[in-house]
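To start, the structure itself, in structure tokens.
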Amino acid sequence: NAVEAGYPYAEGEEMSLEAFSKMKECSPIFHVSKVVAPTLLMIGSKDLRVPSSQGIHYYYRLKSQNVKTKLMLYEDNHPLGQVPVEMDDLINSVLWFYQHIE
């Protein structure tokens with residue numbers, strides 16, 4: 001999160017309160033109350049970069065706000081790069097867009 005917030009990543013170095021505050025403001029969960037668009041989440045359960053629990057939590061927060069939401073959880077890592085997963089991801093993305101184009 002440090003890099004996304006504009007801070008250099010330095011392992012073992014303590015982050016300032018300002019940096020933590022900035023990271024919080026950059027977090028999608030911080031802005032979840034503003035989401036109104038139908039949202040498709042495609043998450044890898046073996047993701048070592050972003051824990052799948054974060055995406056699942058985001059999904060439930062969206063559902064609690066009555067945002068049209070769908071969660072696809074794959075047994076894959078961050079890039080969802082396994083061929084069967086990638087094909088399923090692509091097909092479901094296209095279907096999702098077709099269902100929600102106005």
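The values are calculated or read from the model by the stated rules, or taken from the named source; none is laboratory data. Keep in mind that what you see is a predicted model, and the values were worked out from it rather than measured. Glycine gets a Cβ as well: all are built from the backbone with ideal geometry, and neighbour counts include every protein chain shown. Ligands, DNA and RNA are stripped out before the accessible areas are found, and what is left, the full protein with its side chains, is counted by its heavy atoms. Shrake-Rupley method; radii C 1.70, N 1.55, O 1.52, S 1.80 Å.
Amide H neighbours of T69 under 5 Å, at least 5 residues apart or on other chains, H built in the peptide plane: list them.
Counting only residues 5 or more places away or on other chains, the set is T39.
Calculate, in nm to one decimal, what Y9 and L73 gain on full extension: separation in residues at 0.36 nm each, minus their alpha carbon distance.
That pair, Y9 and L73, stretches by 20.1 nm at full extension.
Give me the one-decimal nm value for the distance between modelled label points at H57 and L17, 7 Å along each residue's Cα-to-Cβ direction.
Placing both labels 7 Å along Cα→Cβ, they lie 2.3 nm apart.
So for the pair K24, N92, with labels modelled 7 Å out along Cα→Cβ, what separation do we get in nm?
3.3 nm
Do you know the relative contact order of the stretch 1-57, to the nearest whole percent, from alpha carbon pairs under 8 angstrom that are 6+ apart?
After rounding, I find 22 percent.
Need the full-extension length gain, V83 to Q99, defined as separation in residues times 0.36 nm minus the C-alpha distance. One decimal, nm.
Gain in length upon complete extension: 3.3 nm.
Using θ = phi - 60° and the Karplus form 6.51 cos²θ - 1.76 cosθ + 1.60, what ³J(HN,Hα) does each residue of the stretch 78-94 get, whole Hz, x for Gly and Pro?
Once rounded to whole Hz, the list reads 4, x, 6, x, 5, 3, x, 5, 4, 5, 4, 4, 5, 4, 5, 5, 4.
Can you tally the net charge around A37? Count Lys and Arg as +1, Asp and Glu as -1, for every other residue whose Cβ sits under 13 Å from the Cβ of A37.
+2
Given a cut-off of 24 Å, name the pairs among K22/K70; K34/K70; K22/K46; K34/K63 whose C-alpha atoms lie farther apart than that in the structure shown.
K22/K70; K22/K46
Counting only protein heavy atoms and a 1.4 Å probe, tell me what percentage of the chain's accessible area is made up of carbon and sulfur.
The value for the chain is 57 percent carbon and sulfur by accessible area.
Can you tell which of G12, I91, P51 lies farthest toward the positive end of the dipole of the chain, using +1 and -1 charges on the Cβ of basic and acidic side chains (Lys, Arg; Asp, Glu)?
The one lying farthest along the dipole's positive direction is I91.
Could you list which residues have their amide H under 5 Å from that of M42, counting only those 5 or more apart in sequence or on another chain, with H placed in the peptide plane?
Answer set, sorted by chain and number: M72.
Looking at [x] 28, 19, 11; [y] 41, 19, 11; [z] 27, 23, 14, which value of semi-axes √(5λ) of the Cα gyration tensor in Å comes from a calculation on the structure shown?
Answer label, from the structure shown: [x].
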